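Comments concern the structure below.
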Amino acid sequence: MDSGWMAVWPVAAFFLGGLATQLTGWLNHRRQRAEKAEDAAAAFRQRREEFELDHLQRLNEALQVLGRAVGRAHHTDLMTSRQTGLYAGTQLRPEDSDALGAANRDVHMLLALVLNDDLREEVREAHRLLNLPSGMHRSDVDQAESAFARAVLALDAVQGRIAERIREIYLTGPGAVAELNS
């Protein structure tokens, strides 16, 4: 009986060794696949954050340009109202009109690329309010002043929210803690 078991052990060891090799290979394959999936997810998050940062920074700048263009147009319309008694009683100078149009196009283009739904709606509302005064042709000056004041407050608030989101991305992005501690 001892000699029978002695003949089976090498065969059993051979099969057990092969099975162990297969099991180890399968486990390594699963681990590598999980690591690749995690690396791909991290790369996706990195690209998404870079995209969002770039567009939020560009949007913030575009909103600033739009705010200045709206301010110039508002000033022109106020000066005109002193002569006519009505707000926006004449056409803007071509350079002011062109600046306002270009700034609006830039904000409109970048607005659609804001990833956060709530922030996108806040930017949309600020954009709408910024354009309100320039559409108040031959209106009461006090109403136009009130609309301009609301637009300035909305612009300030939305730029604050954009800055807040940019800080969030920098503080929670990959490697943020390591960068802050160095």
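The values are calculated or read from the model by the stated rules, or taken from the named source; none is laboratory data. Values in this document were obtained by computation on a predicted structure and should not be read as measured data. Neighbour counts run over all protein chains shown; Cβ positions are idealised from the backbone, glycine included. To get the accessible areas, we keep the full protein, side chains included, count just its heavy atoms, and leave off ligands, DNA and RNA. Shrake-Rupley method; radii C 1.70, N 1.55, O 1.52, S 1.80 Å.
Going by what's in this entry, would Met79 be described as part of a helix (DSSP H, G or I) and modelled with pLDDT under 95? Please lay out each step first, then the result.
Values: part of a helix (DSSP H, G or I): yes; modelled with pLDDT under 95: yes.
Considered against the rule, which asks whether it is part of a helix (DSSP H, G or I) and modelled with pLDDT under 95, Met79 comes out as yes.
Just give me the residues in the stretch 79-103 being surrounded by fewer than 18 Cβ atoms within 10 Å (Cβ to Cβ) and in contact with a strand residue (DSSP E or B) (Cβ under 7 Å, 6 or more places away or on another chain), in sequence order.
Leu86
If the requirement is being within 16 Å of the chain's Cα centre (by Cα) and at pLDDT 95 or above, which of these qualifies: Leu119, Leu115? It would help to see each step written out before you state the result.
Values: Leu115 fails: at pLDDT 95 or above.
One residue alone meets the criteria, Leu119.
Considering only the stretch 45-68, I want to know if a residue exists there that is over 22 Å from Leu171 (Cα atoms), of a type outside the set (Val, Ile, Thr), open to solvent by 60 Å² or more (accessible area, probe 1.4 Å) and not in a helix (DSSP H, G or I). Write out each step before concluding.
In the first step, residues of the stretch 45-68 are kept if they are over 22 Å from Leu171 (Cα atoms); the result is 62-68.
Then keep just the ones that are of a type outside the set (Val, Ile, Thr); that gives 62-64, 66-68.
Now drop any that are not open to solvent by 60 Å² or more (accessible area, probe 1.4 Å), which leaves 64, 68.
Filter once more, keeping what is not in a helix (DSSP H, G or I): none.
No, there is no match, as no residue in the stretch 45-68 is over 22 Å from Leu171 (Cα atoms), of a type outside the set (Val, Ile, Thr), open to solvent by 60 Å² or more (accessible area, probe 1.4 Å) and not in a helix (DSSP H, G or I).
Collect the residues in the stretch 72-91 that are touching a residue at least 24 places away in the same chain (Cβ under 8 Å) and within 15 Å of Leu130 (Cβ to Cβ), keeping them in residue-number order.
Hits for the stretch 72-91 are Arg72, Ala73, His74, Asp77, Ala88.
Looking only at residues that are among the basic types (Lys, Arg) and at pLDDT 95 or above in the stretch 134-161, which one is surrounded by the fewest Cβ atoms within 10 Å (Cβ to Cβ)? Steps first, please.
Filtering the stretch 134-161 down to residues among the basic types (Lys, Arg) leaves 138, 150, 161.
Among the residues that remain, those that are also at pLDDT 95 or above are: 150, 161.
Values: Arg150: 15, Arg161: 17.
Selected residue: Arg150.
Pairs, please: C-beta under 9 Å, at least 6 apart or cross-chain, first residue more than 14 Å from Ala126 (Cα to Cα) and in the stretch 140-154, second open to solvent by 50 Å² or more (accessible area, probe 1.4 Å) and outside any loop (DSSP other than H, G, I, E, B)?
What qualifies is Val141/Arg82.
Find the residue count for the stretch 18-44, including only residues that are among the hydrophobic types (A, V, I, L, M, F, W, C) and either within 24 Å of Thr172 (Cβ to Cβ) or not in a helix (DSSP H, G or I) (or both). It would help to see each step written out before you state the result.
Quick first cut of the stretch 18-44, residues among the hydrophobic types (A, V, I, L, M, F, W, C) only: 19-20, 23, 26-27, 34, 37, 40-44.
Checking which are either within 24 Å of Thr172 (Cβ to Cβ) or not in a helix (DSSP H, G or I) (or both) leaves us with 34, 37, 40-44.
The number of residues fulfilling the criteria is 7.
Kindly establish whether Arg128 is open to solvent by 70 Å² or more (accessible area, probe 1.4 Å), part of a helix (DSSP H, G or I), out of contact with any Ser or Thr (no Cβ under 6 Å at 6 or more places or on another chain) and closer than 12 Å to Val70 by Cα. Break it down stepwise before answering.
Numbers: open to solvent by 70 Å² or more (accessible area, probe 1.4 Å): yes; part of a helix (DSSP H, G or I): yes; out of contact with any Ser or Thr (no Cβ under 6 Å at 6 or more places or on another chain): yes; closer than 12 Å to Val70 by Cα: yes.
Answer is yes for this residue.
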